[in-house]
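These notes concern the structure reproduced below.
The values are calculated or read from the model by the stated rules, or taken from the named source; none is laboratory data. On a predicted model such as this, the values are computed, not experimentally measured, just so you know. Virtual Cβ from ideal backbone geometry, glycine too; neighbours counted across all protein chains shown. Please note that ligands, DNA and RNA were not included when accessible areas were found on the heavy atoms of the full protein model with its side chains. Shrake-Rupley method; radii C 1.70, N 1.55, O 1.52, S 1.80 Å.
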Amino acid sequence: MKHDAAKRIFVGFVLGVIAGLLFKALNWQSAVEVSGLVGDLFLRALRMLVIPLIFSSLAIGIAQIGDITRLSRLGGLTVVYYLFTNAIAVTIGLVLVNLIQPGAGTLLAEERLPELPPLQLKTLLLNIVPANPIEALAKGEMLALIFLSLLTGAALLTSRDSGEPIKQILNSLLQLTMIVIHWLLAVAPFGVFGLAVRLTAEFGLSVFLPLAKYAFTVILGLAIHGLIVLPLLILLLARISPFAYLRNFLTALLTAFSTSSSSATLPVTIECAERAGIRDEVRRFVLPLGATINMDGTALYEAVAACFVAQAYGISLTFTEQILVFITANLAAIGAAGIPAGGLVTMPFVFQSVGLPVKGMALILPIDRFLDMFRTTVNVLGDIVGCAVVQKVMKFDESLQSQTESQTQMAS
Ligand code: ASP
């Protein structure tokens, strides 16, 4: 369903590059400025959605856990597993982007967001708990937003009927935000066109050469995580054959690839999990929560994107700043909605945390939707592997083992 959107965005980009070169050759500065304005409007609209999207999707995700005491063990285990695999994914991304240096030599401009003061760990920690939530949100303090969302989710989870109205409001806020994102994706080709015009007119074609290297870095990282790390976890933690288990989920993985949406894929994943012998209590909990907060592919992608843009700007991120990218990429992935380009919406959070110009996102926008297909597949794969691991550790694994064995026998 979303292939069309990807195609149109790509066409917008190519036309933007051509127009940018043309405007530059003809010296049509005002055309470049108008196009840049359209691109900026698009970027601002994306940023506008960050707060409602993260707040509603995260709070609802936590609230969906159900009963806090009954599910505390399952919840704890699942969240630990999710954080662990997210952290591995981001580490792979950071190692690769430092080794390959896809953005090196691009040199856009040496600038940082002027309004950001130098980062201090103490301030960062203090800002997580906002004394004035409204002020914190108005200032765009994302860690405070994540904290508030988690807290609201936990409160909704423990409240019984009293939380119901807020749950409904948040649910509807999430739906509305998704509708707006849908609209935004419809006009994205124009936004991308405008950004591409300005980039090409200002910097010439050479600015796009590193994009291929960037895509390679992202896809290589996703392949290492999806084809090596996650199957190894099935083998070591769930103690079953990754191949026999994963073949049950081919439909879900293909759906993820073609829709670029973990949420849209969720019904298919839940259905495949039943066939794979995952018990109801595990799949009904692990998968919806995973579709909301577990995004290994997105986490890896956001970290690589931020470092790539930093390299392109000639900004070398210190070790501490890279740790910050590590933390914020994890949080941004948790906060991203499982929809096409959901990760793109939370990306300014990672950029701002290390003072990178958010308009640098223009560099990665043209191929974002292409890479989305790959990262969404890895996101869903992470949830699928989570089911097997949680089922084994919770000692629910007898049915999984016998199912998988009987399927292997049937196949041979
Ligand atoms: N499209 C991704 C997903 O649904 C989120 C993202 O944009 O990274 O899982």
Of the residues in the stretch 351-379, those that are away from the ligand (no atom under 12 Å from the Cβ), in a helix (DSSP H, G or I) and farther than 21 Å from Phe13 by Cβ come to Gln352, Ser353
The helices (runs of 4 or more DSSP H) lying wholly within the stretch 196-266 that contain at least 3 residues that are under 14 Å from Val385 (Cβ atoms) and within 15 Å of the ligand (Cβ to nearest atom) are 250-259
Tyr301 meets each of (1) in contact with a Ser or Thr (Cβ under 9 Å, 6 or more places away or on another chain); (2) open to solvent by less than 10 Å² (accessible area, probe 1.4 Å) with one exception, condition (1)
Report task. Examine the stretch 305-314 for a residue that is out of contact with any strand residue (DSSP E or B) (no Cβ under 7 Å at 6 or more places or on another chain), more than 16 Å from the ligand (Cβ to nearest atom) and of a type in the set (S, T, N, Q), and state whether such a residue exists. Result -> yes
Scan the stretch 279-286 and give yes if some residue there is within 16 Å of the ligand (Cβ to nearest atom), assigned to a helix (DSSP H, G or I) and either among the acidic types (Asp, Glu) or buried (at least 20 other Cβ atoms within 10 Å of the Cβ) (or both), otherwise no.
yes
The helices (runs of 4 or more DSSP H) lying entirely within the stretch 1-104 that contain at least 1 residues which are open to solvent by 90 Å² or more (accessible area, probe 1.4 Å) and at pLDDT below 85 are 3-26, 29-48, 72-100
If you go through Ala264, Ala273, Ala223, Ala212, the only one that is open to solvent by 40 Å² or more (accessible area, probe 1.4 Å) and closer than 30 Å to Leu53 by Cβ is Ala264
Notebook entry, point to check: Within the stretch 117-138, is there a residue that is modelled with pLDDT under 85, open to solvent by less than 70 Å² (accessible area, probe 1.4 Å) and not in a helix (DSSP H, G or I)?
Noted result: no
Quiz prompt | Some residue of the stretch 158-167 being open to solvent by less than 70 Å² (accessible area, probe 1.4 Å), among the hydrophobic types (A, V, I, L, M, F, W, C), at pLDDT 80 or above and part of a helix (DSSP H, G or I) | solution = no
